[in-house]
Structure formats: structure tokens, C-alpha cells
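> Have a look at this one.
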């Protein structure tokens, strides 16, 4: 029985992986075919970018505060508190900021896409679009994936900036470091080898969030129960995929810049 269950789980995993690959290929095929839904794309960019800005800003600000408060006592033991701006900026820009903000967006945007498209599938709105001659895949899926791919890097840049500002506040209060001195040290510490790989992988983060959310929602089944399952699966699968992408990105960046 155990072997049968393991075989069934393995088979289901590879089947779903294959379906996701086919879904990805279909996305790129539909991406270059007219007509292009620019108005819907702009609407999705606004929905995902503007409405996630507050959450990303609060997350980034608290991240900067907590990371600085937790790191400062350890650096003070070694008399290295002057390295705080450099350490915080490199850590946030390279790794902590992109990953944490991508996970937050996976929970908000990914689950929202999964629930929205799942509801449309269950209520047969997608079927109605196909009958009326509209291409639902291009209108619903392509626009959302492009929007997440474009918006997530912007959200991560804004979140990183706010996180550094929160860290600067702590340093100003605890270490009496001026904002000008703090950010001078930040920009002295950061290099293109820190910023460019983080920006590039943030595009892949956004693509993964949109792709998995759309895939789970577009092929939703089991009625209203399936909508909740699609939303939950979108978050879980996306979170796992983000860590895989992050590992690959760090490994490749280490080859080129290490």
C-alpha cells in the first residue's frame, strides 16, 4: 500500500509538472499572437501594483527595523557597529528584500489570481467567453502573468528602499548616525553585482507568481470547494517555486560574480 501511494503521488507530481510546462508554452505562444490586450494589461498592473503597495511598504519598513535591531547588539560585541549600513544594505538588496516581498506578494497576488480565475471557471464565465469568440487565455492569463512579471520588480525596489529607510531610523536613534552618513555608506557598499542579479531574479519571481496562480485558477474544478483549493495551492506551489528560483539565481550569480 505504501509503495502504491508513493507511486500515485510521484505520478501525480510529474503529470502536474507536465501540465504546467504545457501551460507555460501556451503562454509564450499566445504572447506573440495578436490581438494584444493593452487596456486589460494596464488595469492588471494597477490592480497588482497599486493595491499591493501599502502591504509591501509596511513589510519593508518593519523588515528594516527588526533586522537592524536584531543585528546591532551582535555587531556591538565585536566593535563593528560602523559596518551596520553596509551589512544591512547588502543583505536586504541581495536576498532578504526580494524573497520576503515575493512571498508576501505570492500570498496576496497569487491567491487572488487563483481565486478570481477559479470563480470564473466554476461559474462558467470562461466558457461563455470562448463561446462568444473571445480568447479567454489571452485576456485573462497572458495579461495577469505579464502584469506580475513587470510589477514585482518595482514592488521589490520600493520595499528595499523603505526597508533601508527603516534601518536608517534605528541607526539614527540608537547610534546617532545621520541619514546622510547612513545612505552614503549604503551606496558605497552596494555594487552592480549586488543589484543586477536581485533585479533579474525578481522578474522570474513575478513570472512564477502569475504563472502558478493563473494555472491553478484556470483549471479549477470541484465547484466552490475547488476555488479555495486553487487559491491555497497557488500560494503553496508558488512559495516552493520561489525558493527553487532563488537557489538557482544565487548559484548562477556566484558563478559569474564569485
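> Just the residues that are surrounded by fewer than 21 Cβ atoms within 10 Å (Cβ to Cβ) and either over 19 Å from residue 166 (Cβ atoms) or modelled with pLDDT under 90 (or both), please, taken from the range 96-111.
107, 108 - these are the residues of the range 96-111 that are surrounded by fewer than 21 Cβ atoms within 10 Å (Cβ to Cβ) and either over 19 Å from residue 166 (Cβ atoms) or modelled with pLDDT under 90 (or both).
> Just wondering, is there one or more residues in the range 214-233 that are part of a helix (DSSP H, G or I), within 20 Å of the chain's Cα centre (by Cα) and within 20 Å of residue 96 (Cβ to Cβ)?
no
> I'd like to check something: does the range 180-192 contain any residue that is in contact (Cβ under 8 Å) with a residue 24 or more places away in the chain, within 27 Å of residue 61 (Cβ to Cβ), in contact with a helix residue (DSSP H, G or I) (Cβ under 9 Å, 6 or more places away or on another chain) and not in a helix (DSSP H, G or I)?
Scanning the range 180-192 turns up at least one residue that is in contact (Cβ under 8 Å) with a residue 24 or more places away in the chain, within 27 Å of residue 61 (Cβ to Cβ), in contact with a helix residue (DSSP H, G or I) (Cβ under 9 Å, 6 or more places away or on another chain) and not in a helix (DSSP H, G or I).
> Could you list, ordered by first residue, the pairs with Cβ atoms under 8 Å in which the first is in the range 28-56 and surrounded by fewer than 12 Cβ atoms within 10 Å (Cβ to Cβ) and the second is in a helix (DSSP H, G or I), at least 6 apart or interchain?
Note: pairs meeting the criteria are 33/138; 35/138.
> Would it be correct to say that residue 61 is touching a residue at least 12 places away in the same chain (Cβ under 8 Å) and closer than 23 Å to residue 181 by Cα?
Answer is yes for this residue.
The values are calculated or read from the model by the stated rules, or taken from the named source; none is laboratory data. From a predicted model like this one, the values you see are computed outputs, not experimental measurements. Every residue, glycine among them, receives a Cβ derived from its backbone with ideal geometry; neighbour counts consider all protein chains shown.
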